[in-house]
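Working notes, beginning with the structure itself.
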Amino acid sequence: MRKNVVAGNWKMNKNLSDGIALAKELDAELAAKDVKCDVVIGVPFIHLASVAAEVDTTKLGVSAQNCAAEASGAYTGEVSAEMIKSTGAGYVILGHSERREYYGENSEILNKKVALALENGLTPIYCCGEALEIRESGTQNEYVINQLKDTVFKLSEEDFKKIIIAYEPIWAIGTGKTATAEQAQEMHKALREAIAEAYSAEIADNTSILYGGSCKPSNAKELFANPDVDGGLIGGASLTSADFMGIVTAF
Ligand code: 13P
């Protein structure tokens, strides 16, 4: 059966000492509590090694927020999947709408990144989601399924089984406007059906599909209660241990 996962995405927030302090607080909370989901924090590249060394990564997984589309070489400023793995991190967030929108990441680039992440033993948390105009036109299911068909549905069964999907409607990210529990469930069900069609019912049933977009302690329970919502990818509310733990304990 699929896992429930709550993953934080710190984005470009927290200097090194503040980041380590938050990671240590979460680590202490998780050591003391029996939680019913896997917990991951997505930290800036420059914090990965320090954070991974400070926490029990079997209880608090550490994720990068991106990786290079090439394995190694003359790519000034880039960070490879192999480097990420070597820090002790186990995950990488790929395809976030902010990377697609501000850094021009398209399906071709994302396919290379997903392949390198998998080759290096990282678990991709693969994001998809529609902009407001698409939601308003009523074509959101088809749009998001096409994002997956162009990318992760090209993976072998064996590789697809290793990824986590995160559905993040762009209109709900950082806006305080959450998808309703019904909207989230409807999309997640459609994605699971598309996975069943692309692979098999068994693989669909075992794929964790997270919801992201203004998820908070006050709405997490209602979102996670849906049969096809297996957790969350959390931005703003992952920046304090009280809020993040409030979401983790919604399971
Ligand atoms: P918010 O939770 O701040 O809306 O961000 C969601 C997100 O983009 C997580 O990747």
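The values are calculated or read from the model by the stated rules, or taken from the named source; none is laboratory data. None of these values were measured; they are calculated from a predicted model. All Cβ positions, glycine included, derive from the backbone under ideal geometry; neighbour counts span all protein chains shown.
Starting from region 203-215, keep only residues that are free of Cβ contacts under 8 Å to residues at least 24 places away in the same chain, then list their pairs with residues that are of a type outside the set (Asp, Glu) and outside any loop (DSSP other than H, G, I, E, B) whose Cβ atoms are within a distance under 7 Å, requiring at least 6 positions of separation or different chains.
Close Cβ pairs (under 7 Å, with a partner that is of a type outside the set (Asp, Glu) and outside any loop (DSSP other than H, G, I, E, B)) amount to Ala204/Arg192; Ala204/Ile195; Ala204/Ala196.
State yes or no: is Leu233 over 20 Å from Ile163 (Cβ atoms) and either in contact (Cβ under 8 Å) with a residue 24 or more places away in the chain or within 13 Å of the ligand (Cβ to nearest atom) (or both)?
No.
Does Ala190 count as free of Cβ contacts under 8 Å to residues at least 12 places away in the same chain and within 24 Å of Leu94 (Cβ to Cβ)?
No; evaluated as a whole, the condition is false for this residue.
Filter region 97-118 down to the residues that are away from the ligand (no atom under 16 Å from the Cβ) and either modelled with pLDDT under 95 or outside any helix (DSSP H, G or I) (or both), then identify the one that is farthest from Val144 (Cα to Cα).
For region 97-118, the residue satisfying everything is Gly104.
Examine region 75-96 for a residue that is within 16 Å of the ligand (Cβ to nearest atom), surrounded by fewer than 20 Cβ atoms within 10 Å (Cβ to Cβ) and acidic (Asp, Glu), and state whether such a residue exists.
No, every residue in region 75-96 fails to be within 16 Å of the ligand (Cβ to nearest atom), surrounded by fewer than 20 Cβ atoms within 10 Å (Cβ to Cβ) and acidic (Asp, Glu).
Among the residues in region 10-27, are any in a strand (DSSP E or B), at pLDDT 95 or above and surrounded by 20 or more Cβ atoms within 10 Å (Cβ to Cβ)?
No, every residue in region 10-27 fails to be in a strand (DSSP E or B), at pLDDT 95 or above and surrounded by 20 or more Cβ atoms within 10 Å (Cβ to Cβ).
Could you give every pair whose Cβ atoms fall below 7 Å, whose first residue belongs to region 138-150 and is under 13 Å from Pro169 (Cβ atoms), and whose second residue is part of a helix (DSSP H, G or I) and of a type in the set (A, V, I, L, M), counting only separations of at least 6 or pairs across chains?
If the second residue must be part of a helix (DSSP H, G or I) and of a type in the set (A, V, I, L, M), the pairs left are Gln140/Ile134; Gln140/Met187; Asn141/Met187; Asn141/Ala190; Tyr143/Ile134; Val144/Met187; Val144/Leu191.
For the structure I just gave you, tell me whether Glu222 is within 16 Å of the ligand (Cβ to nearest atom) and either part of a helix (DSSP H, G or I) or buried (at least 22 other Cβ atoms within 10 Å of the Cβ) (or both).
Judged against the criteria, Glu222 is a match.
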